[in-house]
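Okay, so here's the structure we're looking at.
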Amino acid sequence: MKDKSRFMSESPPSPGKFKMEKSYVHPLRSRASLGKLTLWSLISLGAILLVFVWSQSLRHPGRLDPARHYLTNGYAWGGSSWERRVRSSARPRPGVGMMTVLVTGAAGFIGTHVSSALKRRGDGVLGLDNFNSYYDPSLKRARQALLERAGVFVVEGDINDEALLRKLFEVVPFTHVMHLAAQAGVRNAMENPGSYVHSNIAGFVNLLEVCKSVSPQPSIVWASSSSVYGLNTKVPFSEKDRTDQPASLYAATKKAGEEIAHTYNHIYGLSLTGLRFFTVYGPWGRPDMAYFFFTRDILKGKAIPIFEAANGGTVARDFTYIDDIVRGCVAALDTSERSTGSGGKKKGPAQLRLFNLGNTSPVPVADLVGILERLLKMKANRKVMTIPRNGDVQFTHANVSLAQRKLGYQPRTDLQTGLKKFVWWYLRFYASGKKSAG
Ligand SMILES: NC(=O)c1ccc[n+]([C@@H]2O[C@H](COP(=O)([O-])OP(=O)(O)OC[C@H]3O[C@@H](n4cnc5c(N)ncnc54)[C@H](O)[C@@H]3O)[C@@H](O)[C@H]2O)c1
C-alpha cells in the first residue's frame, strides 16, 4: 500500500497541477536556473563547434589555412605548400628548358601526353584539370599519377575559376598556355549541351580574359577540331575550306572558339595558334572513342555498331596517332611568337594561326575493326547500320601541307602500328581486373 502511494505521488502532475506548482517558484531561483541553462547551452554549443572543426580538419588537412580556397568537391587550392608545388612543377630544368607552360586539360588523353613530352625535354609544366566525369574519372586519376611521377603537378580546378587562374599567373609568369581542356565528344552534345558552352566557350573566354590582362601575356596554343569542317565535302580538308556548316554543337563551339581567338588576337595582341586535330588515338586514350570501346566490346563479345552512309557509302576517319599529335603541339609552342599586348592593352599586331594536324590517310571504320580483330585475335560481332544524324560526319581527311611548311609536321605512324601500341597498353592497363573499361 505504502509503495503504491509513493508511486502515485511521483506520477506526472496533471496540466492543472503543473501550473499551480510553477507559481510557487521563487523569482530569484528562477533567474539563477535560467542563467545555468544559458551557460550549459553555450558550453554544449561550443563543444559541438569544436567537434565539427576537428572533424573537418581531419577530412581536409590544412583546411584552416586562410589562404586556401575550397571547391565544392572539398578539394582545396592555395596556401604556401600548394604554391611551392606549383612553382616547382613549373620550373624549367636549368640550362635545358626554355618554356613555362600551363597545360589545361592535363589529365585528359592529349594533355597527359603533351605534358609529359614537355617535361621530359626540360620545360616547366603545370597541369590544370577539373576531373569531370564525362568518362571514367579513375582513368584521369591514373594519368595524373603518371604525371606526378614525371614531376608534373596537376592542379584540380576549372578554367572558369577566374580567381584560381589569376592566382596561378601570380605564382608563375607562364610564357605559354597549351589549352586542351574542353568538353569533347560529338554525340554527347545532344544530351549535355550546357557542358559544351561551359567549357568550350565560357571557359575559353575566361582563360583569354586572364591571359590578356597579365604582364607578360603568354602565347597560347589551343585545341580546335577537324569537326569544324562539318558538312564540307571538298577533300582533303584544307585550312582555307569553309567551316560555317557545323554538324554538331561540339563542332559549333570549336568554331566559335576560332572566332573568339581572332577577337582576342585583334583587340589585345594575344598570340594564338589553333590546332584542328583529326581523330586522335593511342595509349591512355578516351573511352568514348570508337577504337577504344570497339576494343572493349570485341573482348566482351558484345555487338559493335559499324556505320555506313545513308547511300551505302563508306564511313572513314583520318586516324592520327598520339605521338604525331604531340610533335605537332610541341612544334606549335616552339614556333609561337610572343604576344604583343600588356596589361590588357595591345601594343602591335600578334601572331594568329590555324593548322590541321591529321594523318592524311583516311581508313574506313570497317578496316579499323579488322585490324583490332587481328591484334586481339578475336572476331568482332559487327552490326552494320546507317550513320545516325547526331553529329557524326561521313568522312574526314586532312591536308597538312601548311603544318608541314610552318611546323615541320610530318605524321609518321600508320594505323596498324598505332593500334598495336594502343592494344598493348589496353591489355596491360585493364589486365589486373581491378580496373574496368566500363
Ligand atoms: N581526341 C581527339 O580525337 C580530338 C579531336 C579533335 C579535337 N580534340 C580536342 O583536343 C582537346 C583534348 O582532347 P582529349 O581527347 O584529350 O579529351 P579529354 O576529354 O581526354 O581531355 C580534356 C580534359 O579537359 C578537362 N576539362 C574539361 N572541361 C574542363 C574545365 N571546364 N576546366 C578544367 N578542365 C576541364 C577534362 O576533365 C579532361 O581531362 C580537347 O579540346 C578536344 O576537344 C580532340
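Every number here is computed from the coordinates shown, using simple stated rules; none is lab data. Predicted model, so just to flag it, every value in this text is computed and none were measured. Heads up, the Cβs are rebuilt from the backbone with ideal geometry, glycines too, and the neighbour counts pull from every protein chain shown.
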Residues with amide H under 5 Å of ILE306's amide H, sequence separation 5 or more or different chain, H placed in the peptide plane at 1.01 Å from N; which?
LYS383, VAL384, MET385
Label point distance in nm, SER361-GLU148, each placed 7 Å from Cα along Cα→Cβ
4.0 nm
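Net charge near ALA380: determine it from the other residues with C-beta under 10 Å of the C-beta of ALA380, scoring Lys and Arg +1 and Asp and Glu -1.
Working: positive: LYS302, LYS379, ARG382, LYS383; negative: ASP297, GLU373.
Neighbourhood net charge equals +2.
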In sequence order, calculated HN-Hα J values of the stretch 170-184 (Karplus, 6.51, -1.76, 1.60; Hz; x Gly/Pro):
6, 6, 10, x, 4, 7, 9, 10, 9, 9, 10, 5, 6, 8, 8
For the pair SER213 and LEU402, the simple spin-label estimate (label points 7 Å beyond Cα toward Cβ) gives in nm 3.2 nm
Once you have the Cα-Cα distance between LYS379 and ALA309, take 0.36 nm times their residue separation minus that, and quote the gain in nm to one decimal.
22.8 nm
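State, as an integer percentage, the relative contact order of the stretch 118-232 based on alpha-carbon contacts under 8 Å between residues 6 or more apart. Can you show the working numbers first?
Numbers: 102 pairs, mean separation 30.7, N = 115.
Relative contact order for the stretch 118-232 comes out at 27 percent.
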Restricted to the stretch 294-438, the DSSP antiparallel beta bridge percent, nearest 5, is 35 percent
Projected label distance in nm at ALA163 and LYS345, using a 7 Å step from Cα toward the beta-carbon
3.0 nm
Nearest-0.05 FRET efficiency for SER238 and TRP425 at R0 = 35 Å, using Cβ-Cβ distance, is 0.60
Hz values of 3J(HN,Hα) by residue in the stretch 203-218 - Karplus curve (6.51, -1.76, 1.60), Gly and Pro given as x:
x, 5, 4, 4, 4, 5, 4, 5, 4, 5, 8, 8, 10, x, 6, x
Taking the Cβ of each residue in LYS167, LYS421 as the centre, tally the other Cβ atoms inside 10 Å and list the residues starting with the fewest.
LYS421, LYS167
